[in-house]
1. Among the numbered conditions (1) away from the ligand (no atom under 12 Å from the Cβ); (2) under 24 Å from Met135 (Cβ atoms); (3) modelled with pLDDT under 95, tell me where Asp35 comes up short.
2. Within region 60-96, can you find the residues that are more than 19 Å from Thr126 (Cβ to Cβ) and in a loop (DSSP other than H, G, I, E, B)?
3. List every residue pair whose Cβ atoms lie under 9 Å apart, where the two residues are 6 or more positions apart in sequence or sit on different chains, the first residue falls within region 62-78 and is at pLDDT below 95, and the second residue, located anywhere, is aromatic (Phe, Trp, Tyr) and not in a loop (DSSP other than H, G, I, E, B).
4. Test Asp105 against the criterion of being touching a helix residue (DSSP H, G or I) at 6+ places or on another chain (Cβ under 6 Å), at pLDDT 95 or above and surrounded by 15 or more Cβ atoms within 10 Å (Cβ to Cβ), and give yes or no.
5. Can you say whether Val111 is under 13 Å from the mean Cα position of the chain (by Cα) and either within 12 Å of the ligand (Cβ to nearest atom) or small (Gly, Ala, Ser) (or both), as far as the supplied structure shows?
6. Considering only residues that are among the polar types (S, T, N, Q) and either more than 11 Å from the ligand (Cβ to nearest atom) or not in a helix (DSSP H, G or I) (or both), which ones fall in region 97-108?
7. Which members of region 109-143 meet the condition of being at pLDDT 95 or above, of a type in the set (Asp, Glu) and part of a loop (DSSP other than H, G, I, E, B)?
8. For region 51-102, name all the residues that are surrounded by fewer than 20 Cβ atoms within 10 Å (Cβ to Cβ) and aromatic (Phe, Trp, Tyr).
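The values are calculated or read from the model by the stated rules, or taken from the named source; none is laboratory data. Computed from a predicted structure; not experimentally measured. Note that each Cβ is placed from the backbone with ideal geometry, even for glycine, and that neighbours are counted across all protein chains shown.
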Amino acid sequence: MRKFLLLTSLVVTAGLVTTSLTPVVGHADSASAVDGKMQALPDGEAVYHHVCQSCHMPDGKGAVGAGARFPALAGNPKLQSADYPAYVVLNGHGGMPWFSGLLNDQQVVNVVNYIRTHFGNHYTDTLKLEDISGMRPQLSAEEE
Ligand code: HEC
């Protein structure tokens with residue numbers, strides 16, 4: 001019984017998180033951003049435009065306001081190691097939600113390579129699929 005209650009509250013919490021994120025993610029340019037797994041987002045640019053730019057802005061310069069701070073990806077020294085942005089996208093970080101349920105590994109790799117080579121960033125080492133194996137959090141279907 002205890003276990004059941006605990007499980008229920010976990011599911012409810014996951015539901016709350018998802019619900020509270022929906023309006024924000026809804027600012028993305030595509031309705032598909034709200035509904036389950038991403039559909040065709042063939043490259044990193046598409047992922048960025050549909051998923052990330054609503055918070056990090058189209059020019060990657062981020063934004064500050066209304067009590068929120070969306071860090072710039074332009075000229076951000078923390079992108080030097082590709083592992084860091086990949087980890088943040090898959091697991092979330094502070095005020096940023098995780099996208100492990102929304103993006104497949106290829107899309108994560110693509111968007112990380114995109115942000116590391118745009119907005120004035122010129123990192124030439126490319127993140128590969130195998131680099132992020134194991135970074136994906138182990139979530140139940142309800143939490144995704
Ligand atoms: C709902 C708004 C939102 C969306 C959508 C979003 N982010 Fe973020 N992101 C944030 C916030 C807020 C932070 C700062 C988190 C913190 O440090 O508390 C952040 C932090 C980051 C960081 C770490 C920056 C640093 O200096 O530590 C990276 C990298 C990043 N985001 C990349 C992305 C990518 C790539 C996408 C798209 C797949 C994305 N974000 C989508 C809000 C968002």
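1. (2)
2. Lys61, Gly62, Ala66, Gly67, Pro71, Ala72, Ala74, Gly75, Gly92, Gly94, Gly95
3. Listed pairs, sorted by first residue: Ala63/Phe70; Val64/Phe70.
4. Yes.
5. Yes, satisfied.
6. Within region 97-108, Ser100, Asn104, Gln106 meet the criteria.
7. Result: Asp125, single match.
8. Phe70, Tyr84, Tyr87
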